[in-house]
Amino acid sequence: MEAASAKIRDLYEENRHHVGAALKTGSGKIVNAVHIEAYIGRVTLCAEAIALGKAISDGERGFDTIVAVKHPYSDDEDRALKVVSPCGMCRELISDYAKECFVILNVNGETVKVKIGELLPYKYTGESCNPTENNTLRRIHKRVVYYFKLDGKYCSQMMISSSFRT
């Protein structure tokens, strides 16, 4: 948490970077990053995803623990940095690259460490598609999450579409 907090304190910029993440690799290296805000919300890149990409780009493959910390906005009364939960897309990404990774969260005011699988118990995988009786068609679900800012607060909307393939 200290590495993520230090990173966002150093690089905080209103409407640009307000979340920092730290990822502890299996080799013990700490990789940290900030999120990159974009005017079009779906182009925004989460700090957790950037930390994972940075670690993978540096040759790391095993991941132990990840945490994200949010810096308060300039008009927030509470000036404390807060541990935040990864969004749904980051949960999927962490699970794809680090099935045994721990995530540090704040649950009811208490800092806890849980496995990523606990945050994503019914993860979508190719094996989770239910084939039809004759195994010739499979339903493919696509989940798209859109993020947007409304009255100064970040919101998200998920769209699910289905298609069939042979």
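Out of every Cα pair in segment 1-121, what percent are spaced more than 21 Å from each other? It would help to have the intermediate numbers written out before the result.
On the way: 2423 of 7260 pairs.
Every Cα pair in segment 1-121 considered, those over 21 Å come to 33 percent.
Distance from a point 7 Å along Cα→Cβ of residue 65 to each backbone N in segment 26-43: keep the residues under 15 Å and list them by number.
Those under the cut-off are 26-32.
Filter the cross-link list 29/70; 29/123; 7/82; 24/115; 99/123 down to pairs whose alpha-carbon distance in this structure exceeds 18 Å. Working shown, then result.
Numbers: 29/70 22 Å; 29/123 28 Å; 7/82 13 Å; 24/115 14 Å; 99/123 11 Å.
The pairs that break the limit, which is 18 Å between Cα atoms, are 29/70; 29/123.
Given a Förster distance of 35 Å, report the FRET efficiency between residue 78 and residue 40 from their Cβ-Cβ distance, rounded to the nearest 0.05.
0.75
Kindly provide the chymotrypsin sites (Phe, Trp or Tyr not before Pro) of segment 1-98 that DSSP labels as loop, not H, G, I, E or B, and whose Cβ sees at most 14 other Cβ atoms within 10 Å. Mind dumping the intermediate values first?
Numbers: sites: 12, 39, 63, 73, 97; in loops: 12, 39, 73.
Taking segment 1-98 and a limit of 14 other Cβ atoms within 10 Å, the loop chymotrypsin sites (Phe, Trp or Tyr not before Pro) found are 39, 73.
Show 93, 45, 120 ordered by accessible area, largest first, where the area counts protein heavy atoms only and the probe is 1.4 Å.
In descending accessible area the options line up as 45, 93, 120.
Let me know the shape class of segment 1-63, please: from the alpha-carbon gyration tensor, a ≥ b ≥ c as square roots of the eigenvalues, rounded when a/c is under 1.5, otherwise prolate if a/b is greater than b/c, or oblate.
Taking the square roots of the gyration eigenvalues as a ≥ b ≥ c, segment 1-63 is oblate.
The values are calculated or read from the model by the stated rules, or taken from the named source; none is laboratory data. Every value quoted in this text rests on a predicted model; they were computed, and no experiment measured them. Cβ atoms come from the backbone with ideal geometry, glycine included; neighbour counts cover every protein chain shown. Heads up: the accessible areas ignore ligands, DNA and RNA and are worked out on the full protein's heavy atoms, side chains in. Shrake-Rupley method; radii C 1.70, N 1.55, O 1.52, S 1.80 Å.
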